[in-house]
């Protein structure tokens, strides 16, 4: 399929906004980063639902909202990413687990424990298929889920999970499969 002049221009503008969003984030200018990522998203929307640019913009904007504790704004972005990845990569793909894990952390921080647990379980089901039991990503996920269980007064369940983990804490992750989203 031949790219139109309009699409080429949108990609150029998208690249400028994406780069500005990344730079602003790295220098701690979160409001400017958010504005740049919003502009990148606007351009990416014109390139198709499964474009690499759309996925990158959604992930970047989600991360900015996460960093600012704007959970109500991050959640729809992450849910949209999850749907795109499940559709394009398959429900058991590791990048689906990354986004599900991000959603779990988001809802956990937001104190929406039922939603957090659902996404922790989804991420766990996938990661347990693909990773050895001592892999740091799996250990951290189990530790975060155990923390949620403690917070919801389910100490026995938490103790079972905690026995298998050493680390407590996670960081926001990007999926890494943007090249698959063309």
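Since every read-out is calculated from the coordinates, none of them should be taken as a lab result. This one's a predicted model, so the numbers in the text were calculated from it and none came from an experiment. As a convention, Cβ positions derive from the backbone with ideal geometry for all residues, glycine included, and neighbour counts pool all protein chains shown.
Worth a mention:
- Full-stretch length increase - residue 30, residue 160 - with 0.36 nm per residue and alpha-carbon distance subtracted: 42.9 nm
- Gyration tensor (alpha-carbon) shape descriptor, the chain, a/c threshold 1.5: prolate
- When only Cα pairs below 8 angstrom with a gap of at least 6 residues are kept, the chain shows a relative contact order of 17 percent.
- Degrees, to the nearest 10: 94-109 long Cα axis against longest axis of the chain: 70 degrees
- Whole-number percent relative contact order across segment 1-68, with pairs defined as alpha carbons under 8 Å at least 6 apart: 33 percent
- Residues residue 16 and residue 49, FRET efficiency given R0 of 22 Å [Cβ-Cβ distance, rounded to 0.05]: 0.50
- Residue exposure proxy: 83, 11, 6, ordered by other Cβ atoms within 10 angstrom of their Cβ from fewest to most, comes out as 6, 83, 11.
- Residue among 150, 25, 120 with the largest mean-square fluctuation in a Gaussian network model of the chain, springs linking Cα atoms under 10 Å: 150
- Sequence-separation-based contact order of segment 71-171, relative, with Cα cut under 8 Å and 6+ spacing, percent: 20 percent
- Comparing 18, 127, 70 in a Gaussian network model of the chain (Cα springs below 10 Å), the most mobile by mean-square fluctuation is 70.
- Angle in degrees between helix 71-89 and the longest Cα principal axis of the chain, rounded to the nearest 10: 80 degrees
- Full extension of the chain segment joining residue 135 with residue 6 gains 41.9 nm, where the gain is 0.36 nm per residue of separation less the Cα-Cα distance.
- Most mobile of 113, 130, 93 in a GNM of the chain (Cα contacts under 10 Å): 130
- Inter-part distance where segment 72-92 and segment 1-28 are each reduced to a Cα centre, Å: 21 Å
- Cα gyration tensor shape of segment 1-68, rounded if a/c is under 1.5, else prolate or oblate by comparing a/b with b/c: prolate
- For the chain, the longest principal axis of the alpha carbon atoms and the long axis of helix 52-67 meet at an angle near 50°.
- Here the sum of -39500 (n - 2.57) over DSSP H runs of 4 or more residues, divided by the residues of the chain, equals -24000 deg cm²/dmol at 222 nm, to the nearest 500.
- The order of 37, 110, 66, going from fewest to most other C-beta atoms within 10 Å of their C-beta, is 110, 66, 37.
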